[in-house]
Amino acid sequence: MKTQKHIRFDWAVKKMLRSKANFGILEGFLSELLKEDVKIQEILESEGNKETADDKFNRVDILVKDSKGQLIIVEIQSTREYDYFYKIIYNTAKAITEHMNKGMVYSEVKKIITVSVVYFDLGQGKDYVYHGRTTFEGIHRHDTLELSEKQKKVFNRQTVSAIYPDHFIIKVNDFDDVARDSLDQWVYFLKNSEIKDEFNAKGLAEAREKLKEINLSDKELAIYLRYLEDLSYEASLAATVRIDLEWARNEGMEKGIEKGMEKGSKDKAVEMARKLKTEGIDIDVIARTSGLSKEDIQKL
């Protein structure tokens, strides 16, 4: 039996899963990842949740609050960002400060969980799902610092790491397409936009019906296909930029690129930036790929 093609999860997050009627799909994904029953209370206002003129490009994110009061950031990144690890730190700090009122005691700081679904090679490692957490280890006795019994009661936490942010990274392209457990079923869907008949992970039954391409209206389908074209275009653009930079290095211009550019290589960067700006590429992306400052790009 032919497997039904489904909408990409990033586009679903952008357009469909922000509705309370569809919370079950996102709840299912988070429940399988976090190994607990996640119930979404609301979608929170944040810069990442807003749709902008350039949101057709490589990033989709959403900020939700669950029934425990935890804040969960789900970010889907399609193209390479070398500083993505730093971006996780920034997003975490921003979520904490945005949701901490003046005069609030520190014990009321929200627990943050970040979930990064990335479609590029991030760092080095053999796995495809990584979990990062904070612990404190003694440098002399190598014991783990724990909460006191009073702190456990006051904070309603059993470990120090439960207070600090948790970070999950799913490297989609490194998955080998063999679904060994229910989380793998979700990763298979994230990679292939397909849900096999035998898959039974939480949320997938609902996703199987609601996220079929054939459910889209003609207008929605046209927008969706355009989104896929944009992703392909940006991936091609990124590859072209890498080739151009590699060519420049081979021609002995590496120093010029890294330091702000000598005259010849700067002209090339300006030309590249002008083309990218004409295409409507976000200024942050242009700055990273060309080496020019945002101020210089805005003047083009």
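The values are calculated or read from the model by the stated rules, or taken from the named source; none is laboratory data. These numbers come from a predicted model, not from an experiment. Cβ sites come from the backbone with ideal geometry, for glycine too, and all protein chains shown count toward neighbours. Keep in mind that these areas ignore ligands, DNA and RNA; they rest on the heavy atoms of the full protein, side chains included. Shrake-Rupley method; radii C 1.70, N 1.55, O 1.52, S 1.80 Å.
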Take the Cα pairs of the range 122-168, get the Kirkwood Rh, then feed it into Stokes-Einstein at 10 °C and 1.306 mPa s and tell me D in µm²/s. 125
Residue pairs, from the table Lys14/Lys210; Lys14/Lys277; Lys39/Lys87; Lys65/Lys110; Lys65/Lys94; Lys20/Lys68, whose Cα atoms sit over 19 Å apart: Lys14/Lys277; Lys39/Lys87
Here FRET efficiency (C-beta to C-beta, Glu137 to Asp197, R₀ 45 Å, nearest 0.05) is 0.45
Summed over the other residues with a beta carbon less than 10 angstrom from that of Phe199, with K and R at +1 and D and E at -1, the charge totals -2
What does the highest-first list of 100-106, 26-32, 195-201 look like by mean Cβ count within 10 Å? 26-32, 195-201, 100-106
Per the 1/(1 + (r/R0)^6) rule, R0 = 35 Å and r from the Cβ atoms of Met104 and Asp83, FRET efficiency to 0.05 is 0.70
Taking the highest mean first, how do the peptides 179-186, 144-151, 115-122 order by number of other beta carbon atoms within 10 angstrom per residue? 115-122, 179-186, 144-151
In this structure, the FRET efficiency calculated for Ala93 and Asn173 from their beta-carbon separation, with R0 = 22 Å, to the nearest 0.05, is 0.20
For the range 71-174, compute Rh as the Kirkwood radius over C-alpha pairs and then the Stokes-Einstein diffusion coefficient at 10 °C and 1.306 mPa s; write the answer in µm²/s, rounded to an integer. 102
How would His6, His99 line up by accessible area, probe 1.4 Å, largest first? His99, His6
After finding the eigenvalues of the alpha carbon gyration tensor for the range 8-164, what semi-axes result from the square roots of 5 times each, listed largest first in whole Å? 28, 20, 16
